[in-house]
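Notes follow the structure.
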Amino acid sequence: MSTVKRPLTIELALLGLVRQQPMHPYEIHQRLNTTALSDVWRIKQAHLYALLHRLEDEGLLVGTTENQINRPPRRMLRLTEQGRAAFDEWMRAPVTHGRDFRLEFLAKLYFAHQEGAATTQSLIDQQRNACQRLLDDLDHREATLPTDHVYRHLVVQFRRGQIQAILAWLDACRIVLHAGRLNVAR
């Protein structure tokens, strides 16, 4: 049995921040708090450093010490090939559980948008397909539930409503991204 843990969504998002250029941990923290990702995540600096250390231990990041004039040396982190592959695979794959959508998909969309329209559209299309499969599974599940299991029917209907809302939002994303701007008039 492997002792390698699958990176968490936040860890994969951290890889996305480092993929463009090597950064030191404090700079990663600043970037996370000053980009649009701050609307998705807030993370304490000590927790961030622990996550970065784990990513190094897993071979997804590598750190080197960089000397500075009149300042203490700093640790610079960069992606390894394994880290780049893990990030790319994660970013391009749809979210498979509705409960993970808010954090995971929004992070993927952030990075896909940086890659360009084709990557963004592909991610949205794949996510629509994954959501439709979830919806089909919920429809089948509800159809097989006994009618006297009222609570279970309500849970399935709630989950269906969430997935339907996500599908409508994905359609709106496609329109907004195609237009290149958001119409904010309400």
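The values are calculated or read from the model by the stated rules, or taken from the named source; none is laboratory data. Fair warning: this is a prediction, and the values are worked out from it, not measured in the lab. Using ideal geometry, Cβ is built from the backbone for each residue, glycine included, and neighbour counts are taken over all protein chains shown. The accessibility values were calculated without ligands, DNA or RNA, using every heavy atom of the protein model including side chains. Shrake-Rupley method; radii C 1.70, N 1.55, O 1.52, S 1.80 Å.
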Of Asp100, Asp136, which residue is farther than 30 Å from Leu55 by Cα and either open to solvent by 90 Å² or more (accessible area, probe 1.4 Å) or assigned to a helix (DSSP H, G or I) (or both)?
-> Asp136
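If you check Met76 against the conditions, is it under 20 Å from the mean Cα position of the chain (by Cα) and either at pLDDT 95 or above or surrounded by 15 or more Cβ atoms within 10 Å (Cβ to Cβ) (or both)?
On the way: under 20 Å from the mean Cα position of the chain (by Cα): no; either at pLDDT 95 or above or surrounded by 15 or more Cβ atoms within 10 Å (Cβ to Cβ) (or both): yes.
So Met76 fails the test.
Restricting the search to region 42-63, which residues are touching a residue at least 24 places away in the same chain (Cβ under 8 Å) and either open to solvent by 60 Å² or more (accessible area, probe 1.4 Å) or part of a helix (DSSP H, G or I) (or both)? So that I can check it myself, show each step before the final result.
First, the residues of region 42-63 that are touching a residue at least 24 places away in the same chain (Cβ under 8 Å): 43, 48-49, 51-52, 54-55, 58-61.
Correct list: Leu48, Tyr49, Leu51, Leu52, Arg54, Leu55.
Of the residues that sit in region 30-41 and are aliphatic (A, V, I, L, M) and farther than 24 Å from Thr80 by Cα, which one is surrounded by the most Cβ atoms within 10 Å (Cβ to Cβ)? Outline the logic, then answer.
Here is the first cut: in region 30-41, the ones aliphatic (A, V, I, L, M) are 32, 36-37, 40.
Add one more test, that the residue is farther than 24 Å from Thr80 by Cα, and what stays is 36, 40.
Working: Ala36: 11, Val40: 19.
Among them, the one singled out is Val40.
Checking the conditions here, which among Leu106, Leu154, Leu177, Leu170 is part of a helix (DSSP H, G or I) and over 28 Å from Thr34 (Cβ atoms)? Can you show your working first?
On the way: Leu106 fails: over 28 Å from Thr34 (Cβ atoms); Leu177 fails: over 28 Å from Thr34 (Cβ atoms); Leu170 fails: over 28 Å from Thr34 (Cβ atoms).
Exactly one residue qualifies, and that residue is Leu154.
Here is a yes/no grid of residues against (1) farther than 30 Å from His178 by Cα; (2) hydrophobic (A, V, I, L, M, F, W, C):
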{"site": "Arg54", "(1), (2)": "yes, no"}
{"site": "Ile69", "(1), (2)": "yes, yes"}
{"site": "Glu81", "(1), (2)": "yes, no"}
{"site": "Asp100", "(1), (2)": "no, no"}
Within region 139-175, restricting to residues that are loosely packed, with under 15 Cβ neighbours inside 10 Å and in contact with a Leu (Cβ under 8 Å, 6 or more places away or on another chain), the one that is farthest from Phe105 (Cα to Cα) is Arg152
With (1) at pLDDT 95 or above; (2) open to solvent by 70 Å² or more (accessible area, probe 1.4 Å) as the list, and His178 as the residue in question, which single condition is left unmet?
-> (1)
